[in-house]
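Structure first, then comments.
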């Protein structure tokens with residue numbers, strides 16, 4: 001049997017020292033398999049966003065191990081760590097993080113520019129991804145002029161342009177009305193089911209979580225529930 005795509009082994013994350021010390025994660029262990037959709041649930045302050053940042057190699061655990069396809073990620077440093085993140089992961093956030101006065105195409109192709117991909121190839125891949133998300137007509141528009149739902153679709157396109165194995169989505173529908181949010185959910189889950197991309201979504205939305213293969217519920221830094229475990 002293949003290694004899990006991500007394995008969390010007794011992961012702790014502590015911030016601060018002394019009286020100001022806060023243990024955000026208190027020994028969290030689980031596996032995520034290639035092609036799964038996982039919802040990480042929990043109230044504000046539960047540790048769910050901290051867990052996502054550690055899984056996505058945006059932050060290092062204080063103790064414990066994150067394995068990416070069997071590789072101990074603590075051995076990834078500097079340029080190798082950045083390249084692994086850029087090539088393996090795509091990110092979608094509640095706040096979009098688009099450059100307001102840049103074009104939609106330039107926003108989408110930014111990860112390729114960071115990766116050193118040439119101009120013509122960036123354009124080709126950017127346009128193909130925008131077509132996939134039905135945004136070709138917005139290619140030259142400035143991001144500032146888009147609706148919330150369009151901005152989130154551009155953010156998803158940017159996450160997809162590097163052909164990632166895993167998409168991390170942090171409250172991806174949090175700034176959207178229910179109809180637009182449902183459309184964004186459909187896109188993300190469609191990418192998971194049709195393209196086989198592993199989807200890890202942090203949410204407090206039980207409806208979105210119910211559509212995922214598994215639900216990891218975090219409370220006070222502990223894994224309280226692992227529901228819908230794949231056989």
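The values are calculated or read from the model by the stated rules, or taken from the named source; none is laboratory data. None of the values given here were measured: they were computed from a predicted structure. Because the Cβ atoms are built from the backbone with ideal geometry, glycine has one as well, and the counts that use them run over all protein chains shown.
List of remarks:
- The residue that is modelled with the lowest pLDDT, among those in the stretch 7-59 that are part of a loop (DSSP other than H, G, I, E, B) and under 21 Å from residue 189 (Cβ atoms), is 42.
- Residues of the stretch 203-214 satisfying the condition of being at pLDDT below 95 and crowded, with 21+ Cβ neighbours inside 10 Å: 203, 208, 209
- Residue within the stretch 185-192 that is in a loop (DSSP other than H, G, I, E, B), modelled with pLDDT of 90 or more, buried (at least 21 other Cβ atoms within 10 Å of the Cβ) and under 14 Å from the mean Cα position of the chain (by Cα) present: no
- Some residue of the stretch 64-83 being modelled with pLDDT of 95 or more, surrounded by fewer than 20 Cβ atoms within 10 Å (Cβ to Cβ) and part of a loop (DSSP other than H, G, I, E, B): no
- Test: residue 169 is crowded, with 22+ Cβ neighbours inside 10 Å and either in contact (Cβ under 8 Å) with a residue 60 or more places away in the chain or assigned to a helix (DSSP H, G or I) (or both): yes
- Meets criteria (farther than 15 Å from residue 93 by Cβ, touching a strand residue (DSSP E or B) at 6+ places or on another chain (Cβ under 8 Å) and loosely packed, with under 14 Cβ neighbours inside 10 Å) for residue 140: yes
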